[in-house]
Amino acid sequence: MAVADAGLAGMLLGIGLFGLALGSFLNVVIVRVPAGGSIVHPGSACPGCRAPLVWYDNIPLLSFVALRGRCRACGMRISWRYPIVESITAAVLVAAYAAFGPSAEFLIACVLLPALVAMTAIDLQHQMIPDAITLPGIPVGLLINVATGRTSWVDSVIGIFVGGGLFLVIILVSRGGMGGGDLKLGAMLGAFLGWKALLVALFVAIVLGGVIGAVLLATGRRGRKDPIPFGPFLAAGGAMALFWGERAFGWWMGGFGG
Ligand SMILES: [Zn+2]
């Protein structure tokens, strides 16, 4: 028992460190994908003074703390996005392993959750959901389900059409309320989650978006005309559905616990 606990703790620690490193890579993706740049070259540099980052200034979390959030060369503030993205990526992967253990679910979590973290940061910053993530995400989600049998490929394909189709209807009806990025993200979530958990994801996204949108309006942080990106809510709904979607769907269908 003690050995098993120590093994699990070591595994979670390893996954946490991997998550920090992956989050550090996602920060590069978040900066470069909207700009259309390569995510491999050139190496990382300060956006203020272009000084290249030495390896010890590029360690997730630790460098940010050691440098007290400023560039070593010019003193420019480093965005809080860096440590936040690193911590969240590590946290969601640790939570996924704790919930799923070594399983197909965990494999799917390792692909889907980091993609959702990157998309959320990009949508918040640039008000766009990059095709470079969602378009490959649709076949990748389907293929992982075909390979692992976690969700049947039929459910996954139906999920793609339900996710894409619902947003197509919303776009046509609302004329500009949502964008093509939401449509492709909806299709990608359907591919990964299957249509049942996708419906749970959409439900969570709409409730979260409604509540937070109302709070932003009421507190005057956003005006009635200001667009509020829906991508982060979809990403949050998708993440929750990965953990609890199938169960929530069963509960729904069973008449709320009946
Ligand atoms: Zn600098």
Exercise. Once you put a point 7 Å from the Cα of ALA21 and another 7 Å from the Cα of GLN127, both along the Cβ direction, what distance in nm separates them?
Worked result: 3.8 nm
Seminar exercise, completed: A 1.4 Å probe over the protein heavy atoms gives the chain a carbon and sulfur accessible-area percentage of 71 percent
Exercise. With every protein chain left in place, what is the accessible area per residue of the stretch 1-157 in square angstrom, probe 1.4 Å?
Worked result: 54 Å²
Seminar exercise, completed: Note: ARG70 to PHE161 extended length (0.36 nm per residue) minus current alpha-carbon separation gives 28.2 nm
For this session: Using a Förster distance of 30 angstrom, determine the FRET efficiency expected from the C-beta separation of ALA45 and LEU172, and round it to 0.05.
Result: 0.10
Seminar exercise, completed: Among the DSSP H helices of the chain, those whose Cα atoms extend at least 30 Å along the helix axis and whose mean Kyte-Doolittle hydropathy is 0.0 or higher are 2-32, 104-126, 153-174, 180-218
Seminar exercise, completed: Counting only Cβ distances under 4.7 Å between cysteines, those in the chain with no partner are CYS110
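Between LEU61 and VAL211, what is 0.36 nm times their sequence separation minus the Cα-Cα distance? Round to one decimal in nm. Could the numbers behind the result be given before it?
Working: separation 150, 0.36 × 150 = 54.00 nm, distance 3.16 nm.
Going from the current span to full extension adds 50.8 nm.
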For this session: Given the peptides 164-172, 71-79, arrange them by the average over their residues of other C-beta atoms within 10 Å, most packed first.
Result: 164-172, 71-79
Seminar exercise, completed: Out of LYS225, LYS196, LYS184, a Gaussian network model of the chain with alpha-carbon springs under 10 Å gives the largest mean-square fluctuation to LYS225
For this session: Starting from the Cα gyration tensor of the chain, take the square roots of the eigenvalues, sort them a ≥ b ≥ c, and report rounded, prolate or oblate (rounded when a/c is under 1.5, otherwise prolate if a/b is larger than b/c, else oblate).
Result: oblate
Seminar exercise, completed: The relative contact order of the stretch 156-258, taking Cα pairs under 8 Å that sit 6 or more residues apart, comes to a percentage of 30 percent
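The values are calculated or read from the model by the stated rules, or taken from the named source; none is laboratory data. Since this is a predicted model, take the numbers as computed values, not measurements. All Cβ positions, even for glycine, are placed from backbone atoms using ideal geometry, and neighbour counts span all protein chains on display. For accessibility, only protein heavy atoms count, side chains too; no ligands or nucleic acids. Shrake-Rupley method; radii C 1.70, N 1.55, O 1.52, S 1.80 Å.
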